[in-house]
Structure formats: structure tokens, C-alpha cells
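J.: Provided herewith is a single structure, encoded as C-alpha cells, for subsequent inquiry.
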Amino acid sequence: MLKLNPQRKQEFLELMARRGWDMLLFYGDTWRKEHFRCLVSVCFTGPQAVALLTKEGEVRAVVTHPWDVEPVKAGTGGPVAYAPRLVEGLKTLLRDAGNAVVAVNGLEQMEARFSLAVKEMSAAAPVSATADVEEIRRVKTQEEIEWIRKAADLADRGYEHFVSAARAGMTEYELVAEVEGFVKAHGAEDNFMLVASGGTEVTAMKPPTARKLQVGDSVITELTPQINGYYAQICRTLIIGPPSEKQLQSYAIFAEAQQAAQDLLRPGVDISDVARVQNDVFRKHGFGEYTGSQYTRVRGHNLGLYPDELPHVLESSHYTCKKDMVIICHPNTYLPLSGYMVFGDTLLVTETGCVSLSRTEKRLFQA
Amino acid sequence: MKRGLVSWDKNELPAEELAKRLAAVHAVARNRNVDAVVVYSDVWRSNDARYLSNYMPYWNRAFVVVPRDETPMLLCALSPRVYPWIKTVTVHETVIASPSPPATLFKLCDERGWKRIGVCDLEGLPTDLYAELTSGKAEIVDISRSEVRLAPAAVEVRMHARAAQMAREVLEQEITTRIAKNDHELTGRLERVLRRAGAEDVVILVSDGEGPPIPAEGRPIGAHTSVVVAIEYNGHWAKVTRNFSDVTSSLTSPGKVTQLREILSGPYSWENVNDIGDDAIVSVQLQIPANGRHFYYGDTCLQNREGLRVL
């Protein structure tokens with residue numbers, strides 16, 4: 001079955017024509033596969049994979065693991081070469097480049113020896129296509145939205161499993177293992193997940209530790225399953241045992257801030273304002289200082305083939321939101337009331353506003 | 001993604017072993033007349049930095065900087081809010097917030113009067129970092145990986161062997177019980193047990209006997225199914241493959257069976273290269289034709305001048 005995204009391919013060809021690029025390379029490595037997968041929707045398993053799109057619309061690929069040849073060939077319908085050393089693979093791929101102008105999506109992440117090989121074969125340093133391609137990817141196709149809906153549904157079910165598994169005495173990493181096993185068993189290709197547990201000493205989320213959950217703990221997580229390449233995220237906080245007054249007070253502020261973002265988000269809105277309305281809620285309650293980088297990172301971010309796509313939802317970041325963008329708004333930060341707390345939904349921007357793709361109840365959970 | 005238990009068990013990986021590795025890098029710095037040696041790290045290219053300082057990122061990029069005759073520093077794009085945790089699982093006492101690790105490195109050069117910096121596998125850096133580092137603000141010298149990473153020591157071999165043992169036990173148990181009906185379910189079951197056992201990362205691939213091993217797609221499990229389990233345990237990878245028909249062949253002398261050899265102690269988690277050096281931890285994967293299908297069988301081995309030894 002072909003796994004080329006025809007709409008995207010057409011958009012990339014139009015981009016090439018606008019920019020005067022003769023060849024566009026899509027470079028993915030194990031960490032940043034999205035730069036490859038935005039054209040070829042195959043989860044390669046070797047260290048790197050590159051697809052070449054010519055201005056005539058031909059797609060050729062080179063992979064660095066022999067097990068990737070067959071799936072990538074089936075996905076592109078075009079020739080696929082196997083080269084354990086990508087430098088040699090790129091030289092073969094670009095042997096007819098001559099004086100062609102070559103652009104690379106993912107150039108920044110590409111090992112320097114690979115970009116030097118591209119330069120050698122095309123007589124000029126490659127230009128970066130990353131920002132232009134990201135801009136195209138930011139607005140999702142209807143098919144992509146369906147995949148993100150499926151991922152959001154799995155995030156909901158994954159969080160339900162999180163709540164049912166969490167109990168005092170269990171370590172953080174055992175809890176993560178339960179959720180990871182659940183989402184994989186139900187079709188997740190991957191899952192980005194951070195966690196933390198405890199009280200006011202907790203200032204951030206991180207990978208799970210061997211700390212045992214205790215009665216009174218806030219257990220915070222962002223859960224981000226990936227279906228067919230696309231991520232959706234949910235952020236919720238759970239208390240082991242009955243919540244304290246301060247935990248409830250803290251949750252109310254987070255819920256108000258997230259709702260403010262959800263109420264504002266629509267086409268034409270500056271992403272900076274989506275951050276500002278969340279921060280204003282904290283300011284109103286006397287916690288304005290906890291909206292800065294000392295206590296938090298971002299008030300949300302774009303979602304898609306990468307779990308932390310740009311634009312970030314920050315007061316210092318300006319971007320005009322568009323219909324069919326998918327953004328998580330999460331006012332996650334540290335507060336002295338209850339320590340670091342998280343709360344957020346995956347939101348789809350519609351013509352007149354936005355809808356949440358997350359169905360999990362908006363409340364402070366309890367185990 | 002890296003999201004399992006990240007820890008430093010000093011019984012498994014003694015501080016003295018890391019000190020020995022650091023001393024070797026100090027010697028490189030002296031011999032190559034550089035003021036510091038830099039090792040790059042990101043989410044999936046973490047092996048070399050992990051080797052030196054036990055730093056293993058769950059996100060973002062970093063430089064491990066080893067000044068000549070000093071303890072290593074970490075220039076890290078992660079938030080300072082996670083530095084207390086980083087310090088509990090690494091040798092780093094100094095962690096510097098660095099949205100741009102090269103910019104912080106140049107600042108250190110100015111402050112400390114460093115003129116010549118060695119970078120481990122310079123052309124292996126991401127293009128943007130390479131461009132920034134080689135912009136002329138300091139003299140940059142390429143240091144080959146083989147200068148920084150010594151032949152696998154007994155400690156390292158034991159860690160890979162432990163990872164391989166975990167993968168073998170869990171996979172063989174799963175094949176014996178035959179509970180999973182499809183490859184998603186199988187992947188979930190393996191993932192759960194391995195992560196509960198302390199795996200940092202797990203990658204499962206499944207072959208239906210018709211094509212190569214690939215990530216789960218919801219295909220049914222049957223007699224022709226082969227399963228590849230790659231597992232990272234405290235920074236050390238192992239790869240073990242079994243099939244549901246118990247088709248095997250000798251890993252050390254596979255004869256005419258198609259063989260794939262991957263390095264597990266290289267910069268990436270696994271990399272299929274033609275020129276693996278003499279001493280390395282490798283994965284040997286066999287593709288065995290039988291009954292009109294392809295079966296896969298493989299394991300983790302120590303490769304040295306004496307040949308291959310399954311760990």
C-alpha cells in the first residue's frame with residue numbers, strides 16, 4: 001500500500017517551484033523521523049532514512065537498515081537503495097544532481113558529514129527547507145486529523161488506565177510500565193510520557209524514578225501516544241487519596257487557565273494571546289511570578305508528527321492560528337500551593353473556535 | 001522515546017569505572033593539545049555521552065565537556081528544574097543551562113582562555129551545531145570515537161549481557177505462553193514486563209514470515225511470527241530475536257544463512273556498518289528460510305579477536 005501523502009506531495013512540489021529548488025530531500029533520523037515521514041509515512045527502524053522528491057514528482061529513497069528497504073519501497077512505489085553508510089547512499093542518490101539546487105527538510109539535524117556529501121554532489125551547500133515544510137505541516141489534512149483523533153482517543157483510554165493502575169506503594173516506573181504496555185497493546189506506535197509524584201518539592205516532570213507513590217501525592221503526567229506517526233497529548237493530575245484544600249485550590253486555577261485558552265483559540269488569534277490569557281489567570285490569583293521560565297516551559301505547543309511542534313504557546317511567540325491546526329494548551333507550571341501541576345487537552349482549531357479532541361473529564365483525579 | 005527508569009546503580013557501574021574512562025579522555029586532551037573534549041548527546045545518540053558521564057537525555061540536545069584534567073560539565077538545553085535529578089544519575093556536578101550548547105561552549109572558552117577544543121566525531125554533529133562550532137570562534141579539532149571510547153571493559157560487557165538476559169527471558173516466556181493474539185498485544189505485553197523490570201527503552205519489531213521485522217501493525221501472531229526485542233538497560237543495548245517455530249541456526253558460524261551484524265556500542269542504538277572494529281558489542285541477526293517463509297533468530301554478542309561470544 002502506497003504511504004505517500006498525495007496532498008502533501010503536491011504542496012511540497014509547489015513549494016519547490018516557488019523557491020526554485022530542483023530537489024528536495026526529506027532527512028529523518030531515529031529521533032526526528034517526522035522530517036522523513038511528512039512525505040513517506042513509514043516508521044523506519046534504522047538510524048537514518050532519506051527520501052528525494054524531484055521537481056518532476058519522482059520519489060526515490062535511501063535507507064541505512066536492510067529491514068527498511070521493503071516497507072519504504074512499498075510506501076513510495078519508487079526505487080529504494082540500502083546503504084549502511086548514508087554518505088555513500090546520498091552520493092548515489094544525487095549522482096545526477098549536477099548543478100541542481102538541493103534543499104533539505106531536516107537539514108539542521110542532519111549529521112554534518114551528510115550535508116557535506118550533499119554539497120559535494122550538487123556543487124553548492126544545501127539550503128534548509130525545514131521552516132517552509134513545517135509551515136505546510138502545521139495545518140493538518142482531514143486524514144491527518146483522523147489519525148490525531150485516534151491518538152487522542154487512545155490518550156483518553158491510556159489515562160483511564162493510568163488512574164486505575166496508580167496506587168500507594170507503586171513506583172513511578174512501574175506505573176509508567178503499566179500505561180506504556182496498555183497503549184502499545186492498543187495500537188500506539190510510540191508514546192512520549194513524562195511523570196512526577198510528590199508535593200511542593202516537585203518542580204518538573206521527568207522520566208519515572210523508583211520513588212514510591214504515597215498518600216497525599218500529586219501524580220502528574222503528560223501522556224502522548226502516537227498513531228500512524230501522529231501524536232495527541234493529554235495532561236492530568238491525580239491525587240493518591242483525598243485531595244487537600246491547597247491541591248483543590250491549585251487545580252481550580254489550572255482549570256480556569258486552560259478554559260481561558262480554549263475559549264480564545266480560533267483562526268486569526270495570535271498564539272501569544274493564547275499564552276497571555278492563561279498567564280492572566282495566574283496573575284489574577286496572585287501567582288504571576290510562576291508563569292516565567294524559572295517555573296515553567298511553555299503554555300502549550302503544536303502537535304503532529306512530532307510531539308513538541310512549533311509554534312510554542314508563549315507570550316513571546318507570535319503566530320497567527322489557522323483552521324485545522326492541532327494545539328495542546330496546557331498551563332503546566334509550579335505553584336507553591338501543590339508543587340508542579342499539569343492540565344491540558346488536545347484542541348483542534350475549527351472555523352469559529354476550537355474543539356477538544358480529549359474526552360477525559362476535566363477534574364482533579366483521585367486514586 | 002526514553003521514558004523508562006533512568007538510574008545509576010553504582011554496584012553495576014562503579015564510579016571507578018567512569019573515572020577510568022574520564023582519565024582516558026584527559027590523556028587524549030593532553031596528547032592532542034586541546035583544552036577540552038566535547039561529546040555530543042541527544043535523545044537517540046546518547047551512547048557516547050552516557051559512556052563518559054552516565055548522562056542520558058529524555059529530550060533535547062547536550063554537550064558533555066571534559067576540560068583537561070577536570071571533571072566533566074554538562075551543557076544542557078533542558079530546564080534547570082530537572083538538574084537536581086540529572087545530578088543524582090550522572091557524575092555531573094556542574095550543569096549549565098544552554099539553549100545553544102555551542103554558544104555556552106564559546107562563553108566558557110572566553111572565561112577560561114580555552115583556544116583549542118576537541119570534538120568527538122566532529123562531522124557527526126548535527127549540521128547546525130557543526131556550522132556554529134566551526135565558525136572560527138575557536139580552533140576545533142576532530143577527535144575520533146575510537147580515541148574516546150575504549151574497547152568494551154568487563155563492566156560494560158556485563159551490562160550488555162544483563163540487558164540481553166532480560167530480553168531473552170521475557171521474550172522466551174512470552175513465546176512459551178502464546179497468549180497474545182496479534183502483534184500489538186504482543187508488543188504491549190513485552191513492553192510492560194520489560195519496563196517493570198527496569199528497562200530504559202524498548203523497541204519491538206515483528207515479522208510475519210513474509211517480510212522483514214517491522215513495528216506492530218495489528219497482524220495476527222502465528223507459527224511464522226518472529227519477534228525482535230531491542231532493550232536498553234541503564235544505557236546498554238541488547239537485541240534478541242526468537243520465532244514461534246523455534247527455528248534456529250548457529251550465530252557464530254551461520255553458514256549460508258543471511259546474516260546481519262549491527263554495532264550496539266556505537267553512537268546510535270544500533271547501526272549496521274560494514275567495518276565494525278575488532279572489539280565491540282554487536283547484534284547478530286539471522287534470516288533463515290524454512291517452510292517457504294523467513295524466520296529470524298538473533299542475539300547480542302561480544303565481538304573480539306577470538307571471534308563472537310553470545311552474551
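J.: Does any residue of segment B:145-189 lose at least 10 Å² of accessible area with all protein chains in place compared with its chain alone, and if so which ones (probe 1.4 Å)?
T.: In segment B:145-189, residues shielded by partner chains: B:His184, B:Glu185, B:Thr187, B:Gly188.
J.: Might you tell me the accessible area per residue for segment B:1-73, computed with a 1.4 Å probe and given in Å²?
T.: Details: 2170 Å² over 73 residues.
It amounts to 30 Å² per residue over segment B:1-73.
J.: Right, here's the next one. Among DSSP beta bridges whose residues both lie in segment A:101-221, state the antiparallel percentage, nearest 5.
T.: 75 percent
J.: As a test of the formula, what do you get for chain A when each DSSP H run with n ≥ 4 contributes -39,500 (n - 2.57) and the sum is divided by the residue count, at 222 nm and rounded to the nearest 500 deg cm²/dmol?
T.: Calculated from helices alone, the mean residue ellipticity at 222 nm is -11000 deg cm²/dmol.
J.: Hey, another quick one. Would you mind checking which residues have amide H under 5 Å from A:Gly300's amide H? H placed 1.01 Å from N; only 5 or more apart, or other chain.
T.: A:Val313, A:His330
J.: Through the Karplus equation 6.51 cos²θ - 1.76 cosθ + 1.60, θ set to phi - 60°, convert the phi angles of segment B:38-50 into ³J(HN,Hα) values in whole Hz; use x for Gly and Pro.
T.: For segment B:38-50, the Karplus-derived couplings read 10, 10, 7, 8, 9, 4, 10, 10, 9, 4, 6, 5, 4 Hz, x marking Gly and Pro.
J.: Could you state the number of Å between the C-alpha centres of segment A:294-367 and segment A:12-48?
T.: 27 Å
J.: Let me ask you something else. Report the GluC sites (Glu not before Pro) located in segment A:127-214 that are in a DSSP loop and have at most 14 other Cβ atoms inside 10 Å of their Cβ, or state none. Please report the intermediate quantities before stating the final value.
T.: Details: sites: A:Glu134, A:Glu135, A:Glu143, A:Glu144, A:Glu146, A:Glu160, A:Glu172, A:Glu174, A:Glu178, A:Glu180, A:Glu189, A:Glu201; in loops: A:Glu189, A:Glu201.
Here the GluC sites (Glu not before Pro) that fit, given the DSSP loop and packing criteria, are A:Glu201.
J.: To check you understand DSSP bridge types, tell me what percent of the beta bridges within the protein assembly as shown (both residues inside) are antiparallel, rounded to 5.
T.: On the way: 100 of 123 bridges.
Expressed as a percentage, antiparallel bridges in the protein assembly as shown total about 80.
J.: Please label the shape of chain B as rounded, prolate or oblate, based on the square roots a ≥ b ≥ c of the eigenvalues of the alpha-carbon gyration tensor (a/c under 1.5 means rounded; beyond that, a/b larger than b/c means prolate, else oblate). Before the final figure, lay out each step's value.
T.: Numbers: a/c = 2.26, a/b = 1.92, b/c = 1.18.
Taking the square roots of the gyration eigenvalues as a ≥ b ≥ c, chain B is prolate.
J.: What number comes out for accessible area per residue over segment B:234-301 if the probe is 1.4 Å? Units Å², please.
T.: 35 Å²
J.: Taking Cα pairs under 8 Å and at least six residues apart, what relative contact order does segment B:144-281 come out at, in percent?
T.: After rounding, I find 24 percent.
J.: Now for a separate question. How large a share of the accessible area of chain B, in percent, is made up of carbon and sulfur atoms when the probe is 1.4 Å and the other protein chains stay in place?
T.: That share works out to 48 percent.
J.: Where the accessible area of segment A:214-362 is counted over protein heavy atoms with a 1.4 Å probe, how much of it, in %, is carbon and sulfur?
T.: 51 percent
J.: Between the alpha-carbon centers of segment A:129-151 and segment B:156-197, tell me the distance in whole angstrom.
T.: Spelled out, the Cα-based centre of one part sits 34 Å from the other.
J.: How far is helix B:154-177 tilted, in degrees, relative to the longest principal axis of the Cα atoms in chain B, given as a value from 0 to 90 rounded to the nearest 10?
T.: Relative to chain B, helix B:154-177 is tipped by roughly 30 degrees.
J.: With θ set to phi - 60° and the Karplus curve 6.51 cos²θ - 1.76 cosθ + 1.60, what are the ³J(HN,Hα) couplings of segment B:249-261 in order, to the nearest whole Hz, using x for Gly and Pro?
T.: With the stated coefficients, segment B:249-261 comes to 7, 6, 6, 8, 9, x, x, 8, 5, 5, 10, 10, 10 Hz.
J.: Do any residues of segment B:1-17 lose at least 40 Å² of accessible area when the full set of protein chains is present rather than just their chain alone, and if so which, with a 1.4 Å probe?
T.: Listed in order, they are B:Met1, B:Arg3, B:Leu5.
J.: Sorted by accessible area with a 1.4 angstrom probe, largest first, how do A:Asp96, B:Asp42, B:Asp208 fall?
T.: Values: A:Asp96 120, B:Asp42 0, B:Asp208 50 Å².
Largest accessible area first, the residues go A:Asp96, B:Asp208, B:Asp42.
J.: Could you give the accessible area per residue of segment A:69-200, probe 1.4 Å, as a whole number in Å²?
T.: With the other protein chains kept in place, segment A:69-200 gives 35 Å² per residue.
J.: For segment B:281-311 and segment B:1-29, what is the centre-to-centre distance using only Cα atoms, to the nearest Å?
T.: First find each Cα centre; the distance between them is then 28 Å.
J.: Moving on to the next point. Of A:Lys184/A:Lys362; A:Lys212/A:Lys284; B:Lys2/B:Lys115; A:Lys3/A:Lys140; A:Lys33/A:Lys119, which ones are farther than 27 Å apart at the Cα?
T.: Check vs 27 Å cut-off fails for A:Lys212/A:Lys284; B:Lys2/B:Lys115.
J.: Mean separation of Cα pairs under 8 Å and 6+ residues apart, divided by the residue count of chain B: what relative contact order is that in percent? Display every interim value, and only then the final one.
T.: On the way: 630 pairs, mean separation 46.6, N = 311.
Computed over chain B, the figure is 15 percent.
J.: Further, regarding this structure: Using a Gaussian network for chain B with springs between C-alpha atoms less than 10 Å apart, which of these wobbles most: B:Asp110, B:Asp121, B:Asp35?
T.: Sorting by GNM fluctuation, first place goes to B:Asp110.
J.: Need one word for the protein assembly as shown: rounded, prolate or oblate. Basis is the Cα gyration tensor (sqrt eigenvalues a ≥ b ≥ c); a/c below 1.5 gives rounded, then a/b vs b/c decides.
T.: Working: a/c = 1.21, a/b = 1.20, b/c = 1.01.
Verdict is rounded for the protein assembly as shown.
J.: How about segment B:215-311: which GluC sites (Glu not before Pro) there are in a DSSP loop, with at most 16 other Cβ atoms within 10 Å of their Cβ?
T.: In loop regions of segment B:215-311 (DSSP not H, G, I, E or B), the sparsely surrounded GluC sites (Glu not before Pro) are B:Glu217, B:Glu306.
J.: Here's another thing I want to ask about it. Go through B:56-62, B:164-170 and give me the packing order, highest mean Cβ count within 10 Å leading. Could the numbers behind the result be given before it?
T.: Numbers: B:56-62: 22.4, B:164-170: 20.9.
Peptide ranking by packing, descending: B:56-62, B:164-170.
J.: Amide H neighbours of B:Thr258 under 5 Å, counting only residues 5+ apart in sequence or on other chains, H built in-plane at 1.01 Å?
T.: B:Gln287
J.: I'd like the mean, over residues of B:190-197, of how many other protein chain beta carbons sit within 10 Å of each residue's own Cβ.
T.: For this peptide, the per-residue mean of nearby foreign Cβ atoms is 6.
J.: To the nearest whole number, what is the average tally of beta carbon atoms from other chains within 10 Å of the beta carbons of peptide A:40-51?
T.: Per residue, the average neighbour count from other chains is 3.
J.: Which percent, to the nearest 5, of DSSP beta bridges fully inside segment A:211-367 are antiparallel? If you can, show how the numbers build up before the last one.
T.: Details: 25 of 27 bridges.
Given both bridge residues lie in segment A:211-367, the antiparallel proportion sits at roughly 95 percent.
J.: Which value, in square angstrom to the nearest 100, describes the accessible area buried between chains B and A on both sides, using a 1.4 angstrom probe?
T.: Answer for the B-A pair: about 4900 Å² buried.
J.: Let me ask something additional. Would you calculate, for chain B, the mean residue ellipticity at 222 nm contributed by helices, counting each DSSP H stretch of 4 or more residues as -39,500 (n - 2.57) and dividing by all residues, to the nearest 500?
T.: -9000 deg cm²/dmol
J.: So, one more: Using a 1.4 Å probe on the protein chains only, how many percent of the accessible area of segment A:28-105 belongs to carbon and sulfur?
T.: 50 percent
The values are calculated or read from the model by the stated rules, or taken from the named source; none is laboratory data. It should be emphasised that the depicted structure is a prediction, and the values quoted were computed from it without experimental measurement. Glycine gets a Cβ as well: all are built from the backbone with ideal geometry, and neighbour counts include every protein chain shown. To get the accessible areas, we keep the full protein, side chains included, count just its heavy atoms, and leave off ligands, DNA and RNA. Shrake-Rupley method; radii C 1.70, N 1.55, O 1.52, S 1.80 Å.
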